[in-house]
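A short write-up of the structure that comes next.
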Amino acid sequence: MTAMTRNDQTSTHVSAIKNTARGRWPEILSALTGLPSELFDGEYHQCPKCKKGLFRLVDAETGACFCTFCFRGGPDNGG
Ligand SMILES: [Zn+2]
């Protein structure tokens, strides 16, 4: 019962964050990573992680990012 209540609160909380964050990912990701917000403008930039690939914010609604070198296979292939 307690766990279920906590899950409900968590999912409401996440949903509220997603609503708040929608369309504001450039500034949020910039604040979280310490990287310049220009990096998340939807254009291609040198990847800040691998310095080899082209990095881009692919979905400003969800904050999804993509790198042609290190993120191309999905979450399990991120290293
Ligand atoms: Zn990369």
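No value in this document is a laboratory result; all are computed from the given coordinates. Since the structure is predicted, the reported quantities are computational estimates derived from the model, not experimental observations. In this analysis, Cβ positions are derived from the backbone assuming ideal geometry, glycine residues included, and neighbour counts consider all displayed protein chains.
Given R₀ = 35 Å, what would the calculated FRET efficiency be for Phe69 paired with Thr10, taking r from the Cβ atoms and rounding to 0.05? List each step's numbers first, then the result.
Values: r = 34 Å, r/R0 = 0.97.
For R0 = 35 Å, the calculated efficiency reads 0.55.
Lys18: which aspartates and glutamates have alpha carbons under 15 Å from its alpha carbon, excluding same-chain residues fewer than 8 sequence positions away?
Answer for Lys18, where 15 Å is the Cα cut-off: Glu27, Asp59, Glu61, listed by chain and number.
By the scheme Lys and Arg +1, Asp and Glu -1, what is the net charge of all other residues having a beta-carbon under 15 Å from that of Trp25? It would help to have the intermediate numbers written out before the result.
Numbers: positive: Lys18, Arg22, Arg24, Arg56; negative: Glu27, Glu38, Asp41, Glu43, Asp59, Glu61.
With Lys, Arg at +1 and Asp, Glu at -1, the neighbours total -2.
When the Karplus curve 6.51 cos²θ - 1.76 cosθ + 1.60 is applied with θ = phi - 60°, which whole-Hz ³J(HN,Hα) does each residue of segment 27-40 get, with x for Gly and Pro?
Per-residue couplings from phi come out as 6, 5, 5, 4, 5, 6, 9, x, 8, x, 5, 4, 5, 10 Hz.
State, to one decimal in nm, how far the label point of Lys52 lies from the label point of Ala31, with both points 7 Å from Cα in the Cβ direction.
Modelled inter-label distance: 3.4 nm.
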